[in-house]
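Student: Structure below; questions to follow.
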Amino acid sequence: MSTRQRRARSARPLAWALLFLGGVLMVTPLGYMLVTSIKPNAEVYELSLLPRAPTLDNYRRLGGASGFPRWLLNSAVVAVLTTVSVLFFDSLVGYTLAKFRFRGRGLVFLGIVSTLMIPTEMLVLPWYVMARRLGWLDTYWGIMFPGMMTGLGTFLMRQFFEGVPDELIDAGRVDGLGEFQLWWRVALPLVTPALAALAIITFLGNWTAFLWPLIVTTDQNLYTLPVGLASFSGEFQTEWEMVMTGASVATLPLLLVFVALQRYIVRGVMLSGLKG
Amino acid sequence: MGARPTVRGPGTTRAARRLSLGARRARCAWAFLALPLVFYGAIRLYPAADAVLMSLTDWNIVGQRRWVGLDNYRRLATDPTFWKVMGNTARYLLVGVPASLGLAFLVAHQLDRVRFGHALLRALYFVPHVTTAVAMAWVWRWLYQPVPVGVFNDLLAGLGLPPQPFLRSTDQALYAVLVPAIWAGLGFQVVVFLAGLEAIPEEYYEAAAIDGARGARLLAGVTLPLLRPTIVFLVVVSSIGFLRIFDYVYGLTGGQGGPLDATKPLVLRIYETAFGHFQMGLAAAQTVVLFLILLAVSLAQLRLLRAR
């Protein structure tokens, strides 16, 4: 921060204005989407930025006449459950690999981290075969099972748990806590910021996940929002205000999360390098 | 390692107690790891091996797997569509990486010196990164429409310029897909560049100022060399991103990768081979090719970061 302040002398008004203009251009597509979603049909093809008669009719229609409410629910269920599972298992495994000494620890760590090298695209075909054989197609579990734990989250949590002093854990042991309690009550609260970052990137990744949900669901009732949106054209082909309303519904939760948790998001996304 | 014998007290019993604690903790560790190890074995390692095996078979999902050795790979080598999608993927990569990194550096380099409104500006650039690709693909598809629906063509008409076909032209479509993809990733790259720039100690700039280095010389002599790890990281991450491009192509072209395969990348071809034509072996072979390319990129990153 301080380096930036010292360098601040070189900032020029022209550079600032250009940066601002570029930033506004960056969010223009989003602005268009949101504005159009509250425009009545008659105004859609006007370039005007603000609707003369803003309305929530498009949202009401979307809620009443399409699979959207169900897709929204599916996305929420899948993203929340997967995130809870990832937080639990990645932090438990990360903690175990950071704080326990046992034969084979290095091998386990190497094995889990090596799975990061395998691209999802290579796994989706065997996953599909597996899901088909076990009857997991078109189920929530089928959408979720590949993401219940992540090598990346485990790696990150291990890094953070290594920063937790052993003395605190030993003190907890003196107090008579069991190993599970030591993790849950002593170590976990000390890495809350890391958990928050992991929660956010996992939620974002699952909310926006497309390839696997597209493959594993054929029943419209099980679509997640991105899959539903991709299939959207049939129903509202030329009604762009409805398409924009659908896109807004998929985007608004993300924007709200972003506004509320911006600090964690930037950090989390940087830690992970990639979402999804 | 953890159970070192202690010298204090009545040695033997204490050492025995600590050893038993060590053994108990090891048992606990394996208990915590049991389910995760099953998961990583069954949902990551086994499927990866299965993909490789599948690539050596001819299989339509319902029938029996028939062993065909390397036939699928031979077929790919002479399949014009495969080379077409490899060419498209290479174009996404070779245009996308320099364009997005160049833009991101331009923005970050200026933003680094801005104090007033820094967080707001950064947020404006970052927001498109926190969106759903399929939703944004619809927005861009709309912007690309012909007159009178599409905003871009309306703007062109307003400037007295001829309308452009964008997604409907075999020449322009790939770039019309690339622009939103770059747009969505730019904020991430800006933020990473900013972190890299902020990590450069001020002393380097002071020393360079004493030597009289300014402008381009400062950039080439101080900033860029010190940003090398950041640049390597971003080149690798965005290369991997463009090699795996799928969501934006699918969304912008209605899952077709058209017109006439002009925008179809490798991953869309894999999807189509497996779930459109049910040629699981051929699709698996293409995933193995993708895996090998991604592996090469990652290994190149390790070498580049070590060679300092």
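Student: Among B:Arg75, B:Arg141, B:Arg214, which one moves the most in a GNM of chain B with springs linking Cα atoms closer than 10 Å?
Tutor: Among B:Arg75, B:Arg141, B:Arg214, the largest mean-square fluctuation in the Gaussian network model of chain B belongs to B:Arg214.
Student: How big is the Rg/Rh ratio for the range B:77-141, C-alpha atoms only, Rh by Kirkwood, two decimals?
Tutor: On the way: Rg = 17.3 Å, Rh = 14.9 Å.
Ratio of gyration radius to Kirkwood radius for the range B:77-141: 1.17.
Student: Rounded to the nearest 20 Debye, what is the dipole magnitude of chain A about its Cα centre when Lys and Arg each give +1 and Asp and Glu each give -1 at the C-beta?
Tutor: Numbers: 22 positive and 16 negative charges, 191 e Å.
Dipole size: approximately 920 debye.
Student: Work through the residues other than A:Ile38 whose Cβ is under 14 Å from its Cβ and net out their charges, Lys, Arg +1 and Asp, Glu -1.
Tutor: On the way: positive: A:Lys39, A:Arg52, A:Arg60, A:Arg61; negative: A:Glu43, A:Glu46, A:Asp57, A:Glu241.
My count for the surroundings of A:Ile38 gives 0.
Student: Now a separate question. With the cut-off at 25 Å, report for the range A:105-238 the share of all Cα pairs above it, as a whole percent. Working shown, then result.
Tutor: Values: 4111 of 8911 pairs.
Distances greater than 25 Å cover 46 percent of the Cα pairs.
Student: Quick check: pseudo-label points 7 Å beyond the Cα along Cα→Cβ at A:Ser114 and A:Leu25, how many nm apart are they?
Tutor: Label-label distance for A:Ser114 and A:Leu25, simple model: 4.7 nm.
Student: Based on the Kirkwood radius over alpha-carbon pairs, what value in µm²/s does the Stokes-Einstein equation return for the translational diffusion coefficient of the protein assembly as shown at 4 °C and 1.567 mPa s?
Tutor: On the way: Rh = 26.3 Å.
Result for D is 49 µm²/s.
Student: So if R0 is 41 Å, what FRET efficiency would A:Glu46 and B:Leu292 give, r being the distance between their Cβ atoms, rounded to the nearest 0.05? Let's see the in-between values first.
Tutor: Working: r = 51 Å, r/R0 = 1.25.
The formula returns an efficiency of 0.20 here.
Student: Listed highest first by mean packing, meaning other Cβ atoms within 10 Å per residue, what order do A:26-36, B:223-233 come in? Display every interim value, and only then the final one.
Tutor: On the way: A:26-36: 18.7, B:223-233: 16.2.
Descending mean neighbour count gives A:26-36, B:223-233.
Student: What list of whole percents do you get for P(r) of the range B:72-306, with Cα-Cα distances grouped in 10 Å bins up to the one holding the largest distance?
Tutor: 7, 26, 29, 22, 12, 3, 0
Student: On to the next question. Counting other beta carbons within 10 Å of each Cβ, put B:Leu260, A:Leu214 in order, fewest first.
Tutor: If I rank by nearby Cβ atoms, fewest first, I get B:Leu260, A:Leu214.
Student: With unit charges on the beta carbons (Lys and Arg positive, Asp and Glu negative) and the dipole taken about the Cα centre of chain B, which residue among B:Ala262, B:Pro201, B:Phe32 sits farthest to the positive side?
Tutor: Of B:Ala262, B:Pro201, B:Phe32, it is B:Phe32.
Student: Moving on to the next point. Can you tell which of B:Tyr92, B:Ala49, B:Ala123 lies farthest toward the positive end of the dipole of the range B:20-176, using +1 and -1 charges on the Cβ of basic and acidic side chains (Lys, Arg; Asp, Glu)?
Tutor: B:Ala49
Student: Pick from A:Ser66, A:Ser91, A:Ser48: which residue has the top mean-square fluctuation in a GNM of chain A where Cα pairs under 10 Å get a spring?
Tutor: A:Ser48
Student: P(r) of chain A in 5 Å steps, Cα pairs, percent per bin?
Tutor: That works out to 1, 5, 10, 12, 13, 13, 12, 11, 9, 7, 4, 3, 1, 0, 0, in percent per bin.
Student: Using just the C-alpha positions of the range A:12-55 as equal point scatterers, what log10 of I(q)/I(0) does the Debye formula give at each q in 0.27, 0.32 1/Å?
Tutor: The calculated log intensity ratios at q = 0.27, 0.32 Å⁻¹ are -0.87, -1.06.
Student: Between B:Ile182, B:Phe291, B:Val232, whose Cα lies farthest towards the positive end of the dipole of the range B:72-306 when Lys and Arg beta carbons carry +1 and Asp and Glu beta carbons carry -1, centred on the Cα centre?
Tutor: B:Phe291
Student: So if I average 1/r over every pair of distinct C-alpha atoms in the range B:19-67 and take the inverse, what Kirkwood radius in Å does that give?
Tutor: Values: mean 1/r = 0.0737 Å⁻¹.
Every distinct Cα pair counted, the radius reaches 13.6 Å.
Student: When Cβ neighbours within 10 Å are restricted to other protein chains, what is their mean count per residue of peptide A:98-105?
Tutor: Working: counts 0, 3, 9, 7, 11, 4, 4, 4.
Partner Cβ neighbours, averaged per residue: 5.
Student: Right, another one. Which whole number gives the average count of other chain Cβ atoms within 10 Å of the Cβ atoms across peptide B:112-125?
Tutor: Details: counts 6, 11, 10, 8, 4, 4, 5, 3, 2, 7, 4, 8, 8, 6.
Mean number of neighbouring Cβ atoms from other chains: 6.
Student: Roughly what would the spin-label model give for A:Arg133 and B:Ala31, points 7 Å off Cα along C-beta, in nm?
Tutor: Those two pseudo-labels are separated by 3.2 nm.
Student: Using amide H atoms built 1.01 Å from N in the peptide plane, name the residues 5+ places from B:Asp58, or on other chains, whose amide H lies under 5 Å from its own.
Tutor: Counting only residues 5 or more places away or on other chains, the set is B:Arg66, B:Trp67, B:Val68.
Student: Build a GNM of chain A with springs between Cα atoms under 10 Å: which of A:Thr154, A:Thr82, A:Thr55 gets the top mean-square fluctuation?
Tutor: For chain A, modelled as a Gaussian network with Cα springs under 10 Å, the answer is A:Thr55.
Student: For peptide A:243-254, what's the mean number of Cβ atoms from other chains within 10 Å of each residue's Cβ?
Tutor: On the way: counts 5, 4, 0, 3, 10, 2, 2, 7, 7, 1, 1, 6.
The per-residue average across the peptide is 4.
Every read-out reported here was derived from the displayed coordinates using simple, explicitly stated rules and does not represent laboratory data. Quick caveat, the model's predicted, so the values are computed rather than measured. Note that each Cβ is placed from the backbone with ideal geometry, even for glycine, and that neighbours are counted across all protein chains shown.
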